[in-house]
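The values are calculated or read from the model by the stated rules, or taken from the named source; none is laboratory data. Note that the structure is a prediction, hence the values are computed from the model and not measured. Every residue, glycine among them, receives a Cβ derived from its backbone with ideal geometry; neighbour counts consider all protein chains shown. SASA here: full protein model, heavy atoms, side chains in, ligands and nucleic acids out. Shrake-Rupley method; radii C 1.70, N 1.55, O 1.52, S 1.80 Å.
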Amino acid sequence: MDSIEDVEGQKQKERMLRGESYDASCKLLMLERERAHDTCFDFNNTRYEKDRIRIFREELKVNCPEDSQTWVVPPFYCDYGYNIHLGKDVFINMNCVFLDVVKISLGNNCLLGPGVQMYTARHPIDHKLRSTFLEDAREITIGDDCWIGGCAVFCPGSSVGDRVVVGAGAVVTKKFPSDVVIAGTPATIIRHLDPPDGKQREA
């Protein structure tokens, strides 16, 4: 029979994955984060790329297509691993951080510059509630064929459509359509791009 602690831990994990308020200090989630951090350490200190990719897929449990190339330049950091979903032929440069409390999705053919940060976790504004370790999270979604400049930050619930260029150092706080260039703090649209032939520009 599962212990009360195990049952409560699974309950908190399910709440976390649904984006509901949950206790981030429960034992199960602390152990899962510790496992992911240890695995990131192994990944970051492994010399050969083929061995790093095996660790990335099989031990960190990042979801990516078997029939595609995935390039991840160490060091790389995440909280869980299994909430990261990558499309085909994704390139992630060094020093990227994915706080994957809930799903982080990158489409096909995405390029991430050094130091890109993706934060799904949200903490309460009220300091008394924040001290209880309760938090929630919102998913981050990146479309196909996007280029994310170095040190860009994606806040909880933010997203960009397909073929978006994100300027270096941008802070993305909301949802953006396809075929735009965004930059700044907070990020805003600075240019509209022509969509591929036959496609309509999003509103």
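Among Ile148, Ile84, Ile55, whose mean-square fluctuation peaks in a Gaussian network model of the chain (Cα, cutoff 10 Å)? Ranking Ile148, Ile84, Ile55 by mean-square fluctuation puts Ile55 first.
Note that the stretch 16-130 shows a convex hull volume over its alpha carbon atoms of 107 Å³ per residue. If each of Lys27 and Thr132 carries a label point 7 Å out from its Cα toward its Cβ, how far apart are those two points in nm? Result for the modelled spin labels: 2.2 nm. Shown are Glu58, Glu135, Glu49, whose ranking by accessible area with a 1.4 Å probe and every protein chain present, most to least, is Glu58, Glu49, Glu135.
So for the stretch 130-182, Kirkwood radius off the Cα pairs, Stokes-Einstein at 20 °C and 1.002 mPa s: how many µm² s⁻¹? Before the final figure, lay out each step's value.
Numbers: Rh = 11.7 Å.
Answer from the Stokes-Einstein relation: 183 µm²/s.
Using a 1.4 Å probe over the heavy atoms of the protein chains, calculate the carbon and sulfur portion of the accessible area of the chain as a whole percent.
The nonpolar share, carbon plus sulfur, comes to 53 percent.
Can you give me the accessible area per residue for the chain, using a 1.4 Å probe, in Å²? If you can, show how the numbers build up before the last one.
On the way: 10820 Å² over 203 residues.
Here the per-residue accessible area is 53 Å².
Taken over the C-alpha atoms, the stretch 83-203 has Rg and Dmax values of 14.9, 54 angstrom. Helix-only arithmetic for the chain: the sum of -39500 (n - 2.57) across DSSP H runs with n ≥ 4, divided by the residue total, places the mean residue ellipticity at 222 nm at -6000 deg cm²/dmol. Separation of the stretch 149-195 from the stretch 49-102 is 22 Å, based on Cα centroids. Take the Cβ atoms of Asp38 and Asp89, set R0 to 30 Å, and the FRET efficiency comes out at 0.60.
Largest to smallest in accessible area, the residues Lys50, Lys61, Lys103 fall in the order Lys50, Lys61, Lys103 (1.4 Å probe, all protein chains included). The Ala168 and Arg47 beta-carbon pair, evaluated with R₀ = 45 Å, returns a calculated FRET efficiency of approximately 0.95. Taking only the C-alpha atoms of the stretch 1-64, Rg followed by Dmax gives 14.7, 43 Å. For the stretch 31-74, a simple Cβ point-charge model (Lys and Arg +1, Asp and Glu -1, everything else neutral) yields a dipole of about 100 debye relative to the Cα centre. Just round it to a whole percent: the fraction of Cα-Cα distances in the chain exceeding 30 Å. Looking at the chain, the distances longer than 30 Å represent 25 percent of pairs. Quick one: if the Förster radius is 22 Å, what FRET efficiency do Ser68 and Ala121 give, using the C-beta to C-beta distance and rounding to 0.05? My answer for the efficiency is 0.20.
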